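Each remark here refers to the structure printed beneath this line.
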Amino acid sequence: MNVLIVFAHPEPRSLNGALKDFAVQRLEAAGHQVQVSDLYAMGWKATLDADDHLDYQPGMPFSPSGDSKQAFANGRQSDDISREQDKLCWADALILQFPMWWFTMPAILKGWVERVYAYGFAYGVGEHSDNRWGSRYGEGNLAGKRAMLIVTTGGWDSHYSPRGINGPIDELLFPIQHGILHYPGFDVLPPFLVYRTSRMDEPRFAAVREELGQRLDTLWQTPPIPYRKQNAGEYEIPALTLRSDLAPSLSGFAAHLSQD
Ligand code: FAD
């Protein structure tokens with residue numbers, strides 16, 4: 001299988017760097033092909049702007065989605081964007097690896113998403129009409145592929161527990177796992193989390209590596225998070241609210257998990 005790791009840490013000798021190197025070795029030892037997009041090492045441009053579109057005419061109003069649509073459709077995106085899209089098409093599984101910074105991904109990785117997820121590639125896919133909101137949330141160009149986060153946090157696991165002060169980790173990661181990964185079609189596996197990173201020593205690092213190794217060995221067997229699919233009849237059209245007979249006592253993020 002082909003695995004793409006998109007890695008967002010500025011220091012290769014960091015804990016994240018060591019875990020990334022371990023992941024590459026483990027996957028390759030199992031016979032998988034691995035590509036790494038090491039965003040800092042690549043000097044990845046994080047800001048989405050008119051320079052992303054080769055046909056942009058200076059002086060014209062820039063439309064972030066409209067120009068993206070034209071550039072993608074006409075093969076006129078900047079090369080760095082096309083190369084990352086090619087890697088995504090090649091990959092059977094995507095791993096986004098990052099330290100939690102201010103409760104989400106580092107800006108450079110958000111910029112990778114904003115620029116690589118072009119109109120027509122990751123959104124604006126499929127029929128859009130009064131009765132259909134396109135192919136997304138379980139459908140789309142990246143459907144059939146798997147995705148998983150590897151995230152490290154300074155905070156303790158209790159800080160991210162259901163009543164923890166930082167908020168539950170599943171809820172903090174919902175915009176990434178549901179919004180960024182499930183939206184264009186990925187089946188999203190439960191995240192691999194390393195909490196309380198300041199308390200890392202050799203024995204714990206060995207245990208973390210072992211646990212990560214198990215997750216990588218079972219990348220194709222682990223059941224995905226059971227997010228509901230947009231076009232499976234569970235949402236009212238066109239409001240896209242969950243049908244009132246499904247999970248009637250739930251609202252918020254939890255309602256979008258299938259209870260079956
Ligand atoms: P490092 O700092 O590289 O290492 C962490 C520990 O692991 C160190 O003790 C180091 O000695 C040890 N280590 C490193 N490599 C190895 C190795 N090869 N073998 C054994 N031990 C090793 N945390 C939160 O919880 N929530 C937040 O919102 C948040 N926001 C942040 C915002 C910013 C801007 C920053 C800078 C940090 C923030 N943090 C937050 C903390 C951050 O998540 C952690 O610092 C980060 O996850 C640690 O990962 P690292 O790869 O940088 O670790």
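The values are calculated or read from the model by the stated rules, or taken from the named source; none is laboratory data. Since the model is a prediction, treat every value here as computed from it, not as a measurement. Positions of Cβ are generated from backbone atoms using ideal geometry, with glycine treated the same way; all protein chains shown enter the neighbour counts. Quick note on the areas: whole protein, heavy atoms, side chains included, nothing else; ligands and nucleic acids left out. Shrake-Rupley method; radii C 1.70, N 1.55, O 1.52, S 1.80 Å.
Here are a few things to note about the model shown:
- Among residues that are surrounded by fewer than 16 Cβ atoms within 10 Å (Cβ to Cβ), within 30 Å of Gln214 (Cβ to Cβ) and more than 16 Å from the ligand (Cβ to nearest atom), Glu11 is not included.
- Residue count for region 81-119, restricted to those that are assigned to a loop (DSSP other than H, G, I, E, B) and either open to solvent by 20 Å² or more (accessible area, probe 1.4 Å) or within 15 Å of the ligand (Cβ to nearest atom) (or both): 7.
- Within region 141-176, tally of residues that are open to solvent by 40 Å² or more (accessible area, probe 1.4 Å) and among the β-branched types (Val, Ile, Thr): 1
- Looking only at residues of region 200-224 that are assigned to a loop (DSSP other than H, G, I, E, B) and farther than 20 Å from Val188 by Cβ, we find that the one that is most open to solvent (accessible area, probe 1.4 Å) is Asp201.
- Hey, Gly179 part of a helix (DSSP H, G or I), without any contact (Cβ under 8 Å) to a residue 60 or more places away in the chain and surrounded by fewer than 17 Cβ atoms within 10 Å (Cβ to Cβ) or not: yes
- Subset of region 225-246 [open to solvent by 60 Å² or more (accessible area, probe 1.4 Å) and β-branched (Val, Ile, Thr)]: Ile237, Thr241
- Complete set of residues in region 150-190 that are among the acidic types (Asp, Glu) and either under 18 Å from Ala8 (Cβ atoms) or within 13 Å of the ligand (Cβ to nearest atom) (or both): Asp157
- Among the residues of region 62-80, the ones that are part of a helix (DSSP H, G or I), under 17 Å from Gly111 (Cα atoms) and open to solvent by less than 30 Å² (accessible area, probe 1.4 Å) come to 1 in all.
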